[in-house]
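Student: Sending over a structure as structure tokens; questions will come in a sec.
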Amino acid sequence: MGLKTWIACAALGATVVTGAGVAVAQDGKAAENAIKVRQAQMQIYAYNLGVLGAMAKGTLPYDAETATNAANTLNAAAGMRSPGAWLPGTDNVAMKGTRALPAIWENGDDVRAKAMTLWEASTDLADAAGMGLDEMKAAFGPVGAACGACHKAYRAPES
């Protein structure tokens, strides 16, 4: 792994776990905004994964430019620093409207590793998306696995 990749991943992991210097949510508005930012980031993931997944399944014709745009957007979102989005005290036990489990803030090393895995997989997908349907499909699976690994450990089931 190159230095640039390591620095980006370390920064992302630190942001997710510590809030990068932002204080614990003191008021309801800051906490609500933190949740909204996280959910917006997840919607960006979901939209772009939906486009790529539809191409992979054949329900949307493969288009190299569209695939590349979706994969690049997904990769940018996976590397996005949003320190105010990960405030301690904005989990599903402390607040309504989120499925984030308190364990996110208790397992920093694991969260950092999972964030790095997602970023690396989405980087590979961004590199492969425009090269052809088979290349995109091969790179798509690891992104889904990275998302699923984090959600399984750190997101409450839908109620």
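Student: Name the residue that is surrounded by the fewest Cβ atoms within 10 Å (Cβ to Cβ), counting only residues in segment 29-53 that are of a type in the set (A, V, I, L, M, F, W, C) and over 18 Å from the mean Cα position of the chain (by Cα).
Tutor: Filtering segment 29-53 for residues that are of a type in the set (A, V, I, L, M, F, W, C) and over 18 Å from the mean Cα position of the chain (by Cα), the one surrounded by the fewest Cβ atoms within 10 Å (Cβ to Cβ) comes out as Ala30.
Student: Could you tell me whether Gly141 is within 18 Å of Thr73 (Cα to Cα), modelled with pLDDT of 95 or more, small (Gly, Ala, Ser) and open to solvent by 20 Å² or more (accessible area, probe 1.4 Å)?
Tutor: yes
Student: While we're looking at this one, here's another question. Just give me the residues in segment 103-122 being in contact (Cβ under 8 Å) with a residue 12 or more places away in the chain, more than 16 Å from Ala71 (Cα to Cα) and open to solvent by 20 Å² or more (accessible area, probe 1.4 Å), in sequence order.
Tutor: Result: Ala103, Trp105, Asn107, Asp110, Arg112, Ala113, Lys114, Met116.
Residues are listed down the side, and each one gets a yes or a no for (1) over 12 Å from the mean Cα position of the chain (by Cα); (2) closer than 17 Å to Lys57 by Cα; (3) in contact (Cβ under 8 Å) with a residue 60 or more places away in the chain:
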| residue | (1), (2), (3) |
| --- | --- |
| Asp124 | yes, no, no |
| Leu133 | yes, yes, yes |
| Phe140 | yes, yes, yes |
| Val143 | no, yes, yes |
| Ala149 | no, no, no |
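Student: A follow-up question, please. Collect the residues in segment 54-93 that are assigned to a loop (DSSP other than H, G, I, E, B), among the hydrophobic types (A, V, I, L, M, F, W, C), modelled with pLDDT of 95 or more and surrounded by 14 or more Cβ atoms within 10 Å (Cβ to Cβ), keeping them in residue-number order.
Tutor: Leu60
The values are calculated or read from the model by the stated rules, or taken from the named source; none is laboratory data. Here the structure is a predicted model, which means the values were calculated and not measured. Cβ sites come from the backbone with ideal geometry, for glycine too, and all protein chains shown count toward neighbours. Protein only, heavy atoms only, side chains kept; ligands, DNA and RNA dropped before computing areas. Shrake-Rupley method; radii C 1.70, N 1.55, O 1.52, S 1.80 Å.
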